[in-house]
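First the structure, in the form of structure tokens, and then the observations on it.
Each value in this text was obtained by applying a stated rule to the coordinates, not by laboratory testing. Quick caveat: nothing in here was measured; it's all calculated off a predicted structure. Every residue, glycine among them, receives a Cβ derived from its backbone with ideal geometry; neighbour counts consider all protein chains shown.
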Amino acid sequence: MISMPTDPHIEVSILSRPQYLCVVRAAAREALTQLGLYDAEIIKVITAVDEAVTNVIRHGYGDREDGPIRVRLWPVEQAGRTGVQIVIEDETHGVDLSKIEGRPLDEIRPGGLGVHIIRQVMDEVEYTNRPDHKGVCLKMRKYNQPAAPAQTG
Amino acid sequence: MISMPTDPHIEVSILSRPQYLCVVRAAAREALTQLGLYDAEIIKVITAVDEAVTNVIRHGYGDREDGPIRVRLWPVEQAGRTGVQIVIEDETHGVDLSKIEGRPLDEIRPGGLGVHIIRQVMDEVEYTNRPDHKGVCLKMRKYNQPAAPAQTG
Amino acid sequence: MEQSDGVIASTKPIDDGLVVVPDGEIDFSRSPVLRTELLILLENHNPQRLVIDLSQVQYMDSSGVATLVEAMQFQLKKGKKLVLCSMQPKVLSIFQIARLDMVFTICDDAEAAVKA
Amino acid sequence: MEQSDGVIASTKPIDDGLVVVPDGEIDFSRSPVLRTELLILLENHNPQRLVIDLSQVQYMDSSGVATLVEAMQFQLKKGKKLVLCSMQPKVLSIFQIARLDMVFTICDDAEAAVKA
Ligand SMILES: Nc1ncnc2c1ncn2[C@@H]1O[C@H](COP(=O)(O)OP(=O)(O)O)[C@@H](O)[C@H]1O
Ligand SMILES: Nc1ncnc2c1ncn2[C@@H]1O[C@H](COP(=O)(O)OP(=O)(O)O)[C@@H](O)[C@H]1O
């Protein structure tokens, strides 16, 4: 389980409308830069955040345009590696977590790529239902890879 | 007094560190665009928000780097004009509101421009202390000017 | 990101079909528009070759990718071609993550795409 | 905005002084750096004319403007010149709001600033 540090350094929240996705991406871009994530990872992590928020809009809130979505960011450090923690929360009534699954990629068809991208990009991904049916919570982390070539282990 | 509508459409919050100002500006740029503010006003309103948040960092929190600052945005409409409402809140212990004053501009010296810029740019500006010394609240609004030449009144 | 109404900014006829140039960021707010635009073009022109020039696209999410997969399958079913070209590296990266870079015909530039 | 360490990206000697070219966004996170850099340059070179070429500056807040006011007053006190040039329109707008566009000597380009 990913533990939750104190106050988020940066937070961006939107109502569940696709046209606000660009606000999340723009804030995430600057936030990830300031939190020290390496350039090469930033666009990938932005994509993961965008996919996760898009999923809340599409699958979590469906047609609702007034559902709050909160994205919070923290700097983290683990075993000498710096990185970021990102927590995305909605106020839906929760979801059957077993349904949140990336599909195998060998089948070529539109859709079903978002969760796969999130798991591919991030080092840690944890979906939970918040207590009392308050909604879904996605905690994820991405660490900077050490510059020197080294076995991850 | 500016009345407060329901849930903000967009919110961006940071801890009181100057390096996070760029996150606020980036989010505000996209947010103001999506909320329908005219292009010519956007850079000015971004500047007003930036000045206000800078003041919270400098004057509100002083040396504290862990003070929360919340910027919330709503679309508004008044007398047929569309616009945006922006509310900026901190968790300081409040301030002597009479000290928040732009200085006259005829004196050429560094500093003392922020509040002047905020009042110049925005159509409505209202500083209040939140109840129970919870901090300062700045509510401001900017309306789109009608395209046709018309007397404001 | 300014919100333009259409996603395809321009189209150009070529010998055996059409080059289309979408622009801006293609996320879930705009991919449904792109989908409609592509389907109308494919219906109206029935091109042997559809080249999608991505040089003006700065960002694409999986809903944009899904739209292109659908257009490709539409073309393949009729024995016709879809070719992507001029992808910016950050756009290419999502095709790689989704392992679709081997599925699409992707050319460096529009010149190569017209012949591919 | 990538966070570079310095604000002044380059400097170039001219006949009677110096042209400096700051870059990026000059907000409260970077204006103290600019202030220190300018003071060191003014001390070390004591230029008759300091041209600040703002072509690479995309944004400036009032703390950046305050820094330039201070540098101008430093120069004036010694009977020397400070000239701004090549401002992007969105940067010029903050000088106008602060009514400082009439106080500074502002030229369209570096060529004019060297002679102003
Ligand atoms: N935030 C969420 N809330 C509810 N269900 C979700 C959420 N995210 C993902 N899912 C479920 O996981 C499935 C896979 O999502 P994804 O890989 O993004 O593909 P797609 O969105 O194209 O179906 C979705 O179809 C949905 O059932
Ligand atoms: N958020 C705030 N909290 C406390 N005091 C403030 C705040 N904003 C402005 N002030 C007060 O108003 C004065 C004028 O602010 P400003 O015009 O931005 O100029 P400067 O910041 O250069 O002093 C400040 O010196 C400060 O005393």
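Some observations on this one:
- Normalised by the number of residues in segment B:5-110, the mean separation of alpha-carbon contacts (under 8 Å, six or more apart) gives a relative contact order of 32 percent.
- Coil-residue GluC sites (Glu not before Pro) of segment D:2-73, DSSP, other Cβ within 10 Å capped at 15: D:2
- Computed [θ] at 222 nm, deg cm²/dmol, chain B (DSSP H ≥ 4; -39,500 (n - 2.57); rounded to nearest 500): -8000 deg cm²/dmol
- Ignoring lysines fewer than eight residues from residue A:99 along the same chain, the ones with Cα atoms less than 26 angstrom from its Cα are A:44, A:134, A:139, A:142.
- The protection proxy used here, the mean number of other Cβ atoms lying within 10 Å of each residue, ranks peptides B:7-20, A:104-117 as follows, highest first: B:7-20, A:104-117.
- For residue A:132, inter-copy label distances in nm, listed shortest first [label point 7 Å out on the Cα-Cβ vector]: 1.8
- Label points for residue B:119 are taken 7 Å from Cα along Cα→Cβ. From this copy to the others they lie 5.9 nm apart, shortest first.
- Averaged over the residues of B:56-67, the number of partner chain Cβ atoms lying within 10 Å of the residue Cβ comes to 1.
- Surrounding net charge for residue D:46, when Lys and Arg each add one and Asp and Glu each subtract one, Cβ distance under 14 Å: +3
- Evaluated over the protein assembly as shown, the Cα radius of gyration and Dmax, each in Å: 25.7, 80
- A straight Cα-to-Cα reach below 27 Å connects residue C:81 with the lysines C:12, C:90, C:115, residues fewer than 8 places away in its own chain not being considered.
- Cα-based shape type of chain C, given that a ≥ b ≥ c are square roots of the gyration tensor eigenvalues and the cut on a/c is 1.5: rounded
- Per-residue average of Cβ from other chains inside 10 Å of C:41-51: 0
- Prolate/oblate/rounded call for segment B:7-47, Cα gyration tensor, a/c under 1.5 rounded: oblate
- For segment A:1-139: rounded, prolate or oblate by the Cα gyration tensor [a/c cutoff 1.5]: rounded
- Assuming charge only on the beta carbon of Lys and Arg (+1) and of Asp and Glu (-1), the dipole of the protein assembly as shown about its Cα centre is about 20 debye to the nearest 20.
- The residues packed around residue B:16, meaning those with a beta-carbon under 13 Å from its beta-carbon, carry a net charge of -3 if Lys and Arg are +1 and Asp and Glu are -1.
- When B:92, B:6, C:67, A:33 are sorted by how many other C-beta atoms sit within 10 angstrom of their C-beta, beginning with the fewest, the order is B:6, A:33, B:92, C:67.
- Where trypsin sites (Lys or Arg not before Pro) in DSSP loops with at most 14 other Cβ within 10 Å are excluded, longest remaining stretch of chain A: A:65-133
- Mean per-residue shielding of peptide B:93-101 is 0, counting Cβ atoms of other chains within 10 Å of each Cβ.
- A Förster radius of 56 Å combined with the Cβ-Cβ distance from residue C:88 to residue B:134 puts the calculated FRET efficiency at roughly 0.75.
- Label point 7 Å beyond Cα along the C-beta direction, distances from residue A:79 to other copies (nm, shortest first): 6.4
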